[in-house]
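The values are calculated or read from the model by the stated rules, or taken from the named source; none is laboratory data. On a predicted model such as this, the values are computed, not experimentally measured, just so you know. So basically every Cβ, Gly included, is an ideal-geometry build from the backbone, and we count neighbours across all protein chains shown.
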Amino acid sequence: MTPVTPASVLATTVGSRCPEGAADVEFATRVDAFTDRHRDGLLAADAWESAGPPVRELLRAVGEAGLLRDAWADRGGDRATALWRAAALHRAFARVGNGAPGAALLTHLEVATRLLGVLPTTPAGLVPGALAGSSTSALAATEPDGGSDLTALRTTVGAGSAGGLTVTGTKWFISNAPYADHLLVLADDRDGRTGRRGPALLLVPAGPGVEVTTLDGLGHTGLTGAVALDAAPVAAVLAVGGHGLLVLMRHWIHERVMLAVRMAELAASVLDHAVADAGRRTTFGVPLITNQHVRFTLARLDADVQEVRAMAGQSLRLLAAGACPGGWAAAGKHRAAAVLAEVADEALQLSGGDGYRRGHPAERALRDATGLALAGGTTELMLQQIDRG
Amino acid sequence: MRTAALTVAARTGWFTPAEDELRARLTEHLEATVAPAVDAWERRGTIPLREILTGLAARGWLGMRFGVDQGGGGGTAWEHVVLAECLGALLFDSVGMGVTVHNDMVAPMLAEAGGPEAVERFLRPALAGRCLLGHAVSEPGAGADVAAVATTATPEPGGYRLTGAKRWIVAGLTADAFAVLARLPEARGAFGHVLLMVPADAPGVRVEPADATLGLRTAGVAGQLRLDGVFVPDGHRLGGHGLGLVTQLRQFEPERILSACRAIAMADTLLLRTAERLRERRTFGVPIADRQQPAAQLARLRAEVEAVRQLAYTGIDRWVTGGAVNTVSAAVKLRSSRLTRAVARTCLHLHGAEGQLSTHPVNRAFRDTRLLSISTGSDEMMLTALARLRG
Ligand SMILES: Cc1cc2nc3c(=O)[nH]c(=O)nc-3n(C[C@H](O)[C@H](O)[C@H](O)COP(=O)(O)OP(=O)(O)OC[C@H]3O[C@@H](n4cnc5c(N)ncnc54)[C@H](O)[C@@H]3O)c2cc1C
Ligand SMILES: Cc1cc2nc3c(=O)[nH]c(=O)nc-3n(C[C@H](O)[C@H](O)[C@H](O)COP(=O)(O)OP(=O)(O)OC[C@H]3O[C@@H](n4cnc5c(N)ncnc54)[C@H](O)[C@@H]3O)c2cc1C
């Protein structure tokens with residue numbers, strides 16, 4: 001069985017106008033060496049079906065291998081090279097451990113570290129630590145009472161002892177929260193304590209006043225947490241009141257593009273598995289894949305996967321040029337999530353009872369896909385964003 | 001939908017400034033010469049395809065990618081993408097398909113597989129808009145299964161004697177010459193065919209009109225091309241003796257990507273026009289565009305259009321740089337055909353009763369786009385190809 005054309009084949013040859021530049025063979029080789037080394041250990045699918053997957057261990061190992069540092073563009077650094085390396089990392093991780101470790105990695109690099117990297121008031125040392133894989137953070141925006149409408153925040157900013165600030169409230173479905181050293185908390189500054197009123201983004205150490213419990217969700221097993229903040233001390237104001245949401249709006253363009261890159265590859269990986277499986281399974285005396293309905297179903301999904309991959313490539317080009325419209329990122333994110341859900345659902349179907357088994361690649365992808373249609377901006381919000389261009 | 005930003009994003013990095021300029025001039029030309037006449041041509045039942053082609057040729061817009069020595073422009077397939085997209089934006093596929101068959105289906109086979117005689121006799125005048133080209137492959141017993149053609153070319157000294165009947169030929173009623181796929185009497189299988197250029201006025205050629213069709217009503221579709229002992233000299237053969245099917249199939253692959261570009265441009269234009277209509281049309285005191293459900297329907301389709309367009313550009317790029325295009329060609333033909341039909345269906349509905357008028361552009365687009373999933377490789381044939389490429 002031929003796997004879906006590897007993404008690297010989309011890379012440039014002479015005279016090509018393709019988004020992807022010349023293949024970064026050196027980096028790809030290091031990523032491959034890493035995934036090969038840890039395939040049966042840190043990256044084994046089973047380890048990521050437990051309530052306590054090895055998130056910190058994985059981040060440390062990736063950091064020590066220098067993979068995070070080399071996929072990171074400093075101010076003035078080569079942004080395009082770094083972005084394509086990050087994309088290579090997310091694509092490779094979409095193909096190991098049923099794609100689960102890739103979720104934690106993406107949150108670490110493209111959400112928390114990325115936000116800290118672009119905000120000027122981030123305390124020194126946090127970003128280098130994150131890139132070394134020795135610490136991680138989580139973005140805590142969503143609350144039990146609302147995630148789509150973040151203007152309706154209930155978490156508030158208060159005054160602590162010694163003139164410091166505190167936050168109080170509840171957040172949930174916060175990716176990587178159970179493993180985070182710091183939380184980036186979106187909170188309503190009703191009294192203008194940060195300098196202005198409105199939603200502010202605050203850096204809160206995971207320590208006194210912060211209680212995190214791992215959520216038992218349909219997918220993203222062991223990866224999301226609920227956070228109770230009880231006058232938790234604020235270490236730094238990352239964005240003053242009124243600016244917190246603006247910062248996040250800009251950030252989400254980046255996050256959505258990276259999510260689309262990962263989801264496209266996850267879909268490709270699940271589809272490859274389904275094709276191989278349909279070649280192996282025999283019903284009525286012939287391999288399942290000899291049935292035209294089965295072949296056509298897989299072929300249709302193959303076309304969908306090629307489509308979202310191409311879209312993700314152009315999104316990366318636009319991101320590198322600093323010219324990705326919000327509506328474009330939304331279109332890519334929504335489409336990739338839709339294709340992933342469809343591929344997972346059909347792949348599970350074609351694997352029969354085996355596909356229904358917990359831990360089967362399609363089963364895991366189907367569970368994760370439901371969360372991916374919500375996280376980083378729901379499908380409904382993406383459609384509104386596309387409408388706005 | 002405010003999509004100007006999305007259009008810029010979609011094209012970023014793919015087109016040169018010269019190609020952007022070409023797009024502007026082509027759009028202007030088609031807006032001036034085709035758009036205003038559409039209704040009259042529809043009433044009359046035919047389009048002046050020859051004039052349209054001469055008009056394009058006079059400005060150097062036919063065969064832009066073919067060698068200058070063959071009468072072409074010496075450019076690249078990207079210029080043909082620009083033409084395909086401008087044709088799609090017309091929402092009038094009798095013209096779109098007519099120009100495509102001439103410029104991107106038959107002309108490429110002449111340029112790539114034709115000898116000097118065929119180039120001089122057919123290609124050079126075709127690229128000047130003087131020799132109108134038709135493509136005669138399908139038969140009553142051979143549509144999806146191209147290899148099953150029964151039209152037979154019997155070799156004789158200096159050429160072939162051609163006998164049989166072809167079915168469904170775009171612009172067949174006005175074409176000056178046809179590319180005809182025929183089988184050899186003795187041979188079977190993939191290497192038993194020839195592709196021959198047949199002038200419409202050659203003795204033994206007879207063209208008959210087609211029955212009325214759902215769409216492509218003014219494309220001058222011929223229902224039958226009867227070939228009764230027509231003599232074709234060797235010099236009018238495209239590709240080797242026995243290699244007709246191979247030559248034909250090789251041409252289909254890149255052409256499907258260009259056709260996909262045209263289809264996606266139709267979908268793009270339909271979405272823009274419909275959004276505009278919904279902004280103007282008010283119900284219960286509010287523009288329909290402000291209602292979430294129709295807006296979400298259009299946004300969902302917009303996301304697909306942009307994604308499929310990126311796949312098409314990726315395919316063109318691979319073609320231009322000499323890579324394998326079989327997979328991407330089948331994928332994008334399938335996706336663009338199905339998607340453009342879905343877009344047309346939705347846009348027709350969102351136009352309400354007005355959309356039911358057969359003179360309305362959305363109505364015509366709905367009818368014309370239905371053919372996308374049938375012609376030049378049906379959806380099922382694309383699925384077959386994709387599944388085969390998958391092992
Ligand atoms: C796996 C996973 C990881 C996550 N990670 C994080 C994280 O790291 N940090 C974080 O802050 N959050 C995270 N989230 C939360 C996520 O961002 C929210 O779930 C999401 O924003 C939706 O918010 P909600 O769940 O409160 O749904 P609601 O806002 O209550 O919406 C419910 C449903 O209604 C739809 N809807 C809402 N408003 C409208 C409208 N006006 N029109 C039409 N439809 C509407 C929504 O799209 C949704 O389908 C994560 C979620 C999941 C599942
Ligand atoms: C308006 C119009 C213009 C045309 N212009 C041209 C032209 O210019 N030149 C030309 O050569 N032809 C032209 N055609 C013909 C067109 O290319 C054929 O209609 C097309 O190839 C399909 O062939 P068919 O109609 O014989 O359908 P069939 O081959 O009979 O197929 C019928 C249906 O069954 C499906 N099918 C077939 N085999 C299989 C299979 N193995 N598995 C699953 N499904 C299958 C097909 O996809 C199709 O949906 C035109 C047709 C029309 C209607």
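Which residue, of B:T376, B:T369, is part of a loop (DSSP other than H, G, I, E, B), under 23 Å from B:V146 (Cα atoms) and away from every other protein chain (no Cβ under 14 Å)?
Unique residue meeting the criteria: B:T376.
For B:T359, work out the one condition from (1) touching a helix residue (DSSP H, G or I) at 6+ places or on another chain (Cβ under 7 Å); (2) away from chain A (no Cβ under 13 Å); (3) assigned to a helix (DSSP H, G or I); (4) touching a residue at least 40 places away in the same chain (Cβ under 8 Å) it doesn't fulfil.
(3)
So A:A138 fits all but one of (1) assigned to a loop (DSSP other than H, G, I, E, B); (2) of a type in the set (G, A, S); (3) touching a residue at least 12 places away in the same chain (Cβ under 8 Å); what number is the exception?
Going through (1) assigned to a loop (DSSP other than H, G, I, E, B); (2) of a type in the set (G, A, S); (3) touching a residue at least 12 places away in the same chain (Cβ under 8 Å) one by one, A:A138 breaks only (1).
Can B:G96 be described as buried (at least 22 other Cβ atoms within 10 Å of the Cβ), part of a helix (DSSP H, G or I), within 14 Å of the chain's Cα centre (by Cα) and at pLDDT 95 or above?
For B:G96, the condition - buried (at least 22 other Cβ atoms within 10 Å of the Cβ), part of a helix (DSSP H, G or I), within 14 Å of the chain's Cα centre (by Cα) and at pLDDT 95 or above - is met.
Just checking, which of B:R188, B:R217, B:R226, B:R206 is over 26 Å from B:I47 (Cα atoms) and basic (K, R)?
B:R188
Is there a residue in region A:142-165 that is surrounded by fewer than 17 Cβ atoms within 10 Å (Cβ to Cβ), at pLDDT 95 or above and among the basic types (K, R)?
yes
The conditions are (1) within 10 Å of chain B (Cβ to nearest Cβ); (2) more than 25 Å from A:D78 (Cα to Cα); (3) touching a residue at least 24 places away in the same chain (Cβ under 8 Å), and A:A299 fails exactly one of them. Which is it?
In the conditions (1) within 10 Å of chain B (Cβ to nearest Cβ); (2) more than 25 Å from A:D78 (Cα to Cα); (3) touching a residue at least 24 places away in the same chain (Cβ under 8 Å), A:A299 misses (3) alone.
Mind listing whichever residues of region B:362-385 are away from ligand 2 (no atom under 13 Å from the Cβ) and touching a Ser or Thr at 6+ places or on another chain (Cβ under 9 Å)?
Scanning region B:362-385 gives B:V362, B:R364, B:A365.
Name the one entry in A:L271, A:L366 that is away from ligand 1 (no atom under 16 Å from the Cβ), over 21 Å from A:A86 (Cβ atoms) and touching a helix residue (DSSP H, G or I) at 6+ places or on another chain (Cβ under 7 Å).
Within the list A:L271, A:L366, the selection yields A:L271.
Only one of these is within 15 Å of ligand 1 (Cβ to nearest atom), closer than 22 Å to A:A124 by Cα and in contact (Cβ under 8 Å) with a residue 24 or more places away in the chain: A:L218, A:L202. Name it.
So the residue among A:L218, A:L202 that is within 15 Å of ligand 1 (Cβ to nearest atom), closer than 22 Å to A:A124 by Cα and in contact (Cβ under 8 Å) with a residue 24 or more places away in the chain is A:L202.
Quick one: B:I316 ticks every box in (1) more than 16 Å from ligand 2 (Cβ to nearest atom); (2) more than 13 Å from chain A (Cβ to nearest Cβ) bar one, so which box is it?
(2)
State the number of residues belonging to region B:10-38 that are of a type outside the set (S, T, N, Q), touching a residue at least 60 places away in the same chain (Cβ under 8 Å) and within 14 Å of another protein chain (Cβ to nearest Cβ).
Residues flagged as of a type outside the set (S, T, N, Q), touching a residue at least 60 places away in the same chain (Cβ under 8 Å) and within 14 Å of another protein chain (Cβ to nearest Cβ) within region B:10-38 amount to 4.
Check A:L131, A:L106, A:L139 and return the single one that is within 11 Å of ligand 1 (Cβ to nearest atom) and within 22 Å of A:A88 (Cβ to Cβ).
Unique residue meeting the criteria: A:L106.
When you scan region A:172-180, do you find a residue that is outside the structural domain of A:G102 (by TED's automatic domain parsing), surrounded by fewer than 18 Cβ atoms within 10 Å (Cβ to Cβ) and either over 26 Å from A:L366 (Cα atoms) or at pLDDT 95 or above (or both), even just one?
No, because not a single residue in region A:172-180 is outside the structural domain of A:G102 (by TED's automatic domain parsing), surrounded by fewer than 18 Cβ atoms within 10 Å (Cβ to Cβ) and either over 26 Å from A:L366 (Cα atoms) or at pLDDT 95 or above (or both).
Anything in region B:367-391 that is without any contact (Cβ under 8 Å) to a residue 24 or more places away in the chain and either crowded, with 21+ Cβ neighbours inside 10 Å or more than 24 Å from the chain's Cα centre (by Cα) (or both)? List them, or say none.
Answer for region B:367-391, where residues must be without any contact (Cβ under 8 Å) to a residue 24 or more places away in the chain and either crowded, with 21+ Cβ neighbours inside 10 Å or more than 24 Å from the chain's Cα centre (by Cα) (or both): B:A387, B:R388, B:R390, B:G391.
So, of the residues in region B:129-158 that are assigned to a strand (DSSP E or B) and within 18 Å of the chain's Cα centre (by Cα), which turns out to be nearest to ligand 1 (Cβ to nearest atom)?
Restricting to residues being assigned to a strand (DSSP E or B) and within 18 Å of the chain's Cα centre (by Cα), the top hit is B:H135.
Can you list the helices (runs of 4 or more DSSP H) lying wholly within region A:278-389 that have 1 or more residues being on the phi > 0 side of the Ramachandran plot?
Filter on region A:278-389 gives A:352-356.
Out of the residues in region B:64-91 that are within 12 Å of the chain's Cα centre (by Cα) and more than 14 Å from every other protein chain (Cβ to nearest Cβ), state the one that is farthest from ligand 2 (Cβ to nearest atom).
Among those residues, the one meeting the criterion is B:E85.
From B:W41, B:W61, which residue is modelled with pLDDT of 95 or more, assigned to a helix (DSSP H, G or I) and assigned by TED's automatic domain parsing to the domain that holds B:V99?
Sole residue among the options that is modelled with pLDDT of 95 or more, assigned to a helix (DSSP H, G or I) and assigned by TED's automatic domain parsing to the domain that holds B:V99: B:W41.
Could you check, for region A:271-284, whether at least one of its residues is touching a residue at least 24 places away in the same chain (Cβ under 8 Å), within 14 Å of B:V308 (Cβ to Cβ) and buried (at least 24 other Cβ atoms within 10 Å of the Cβ)?
no
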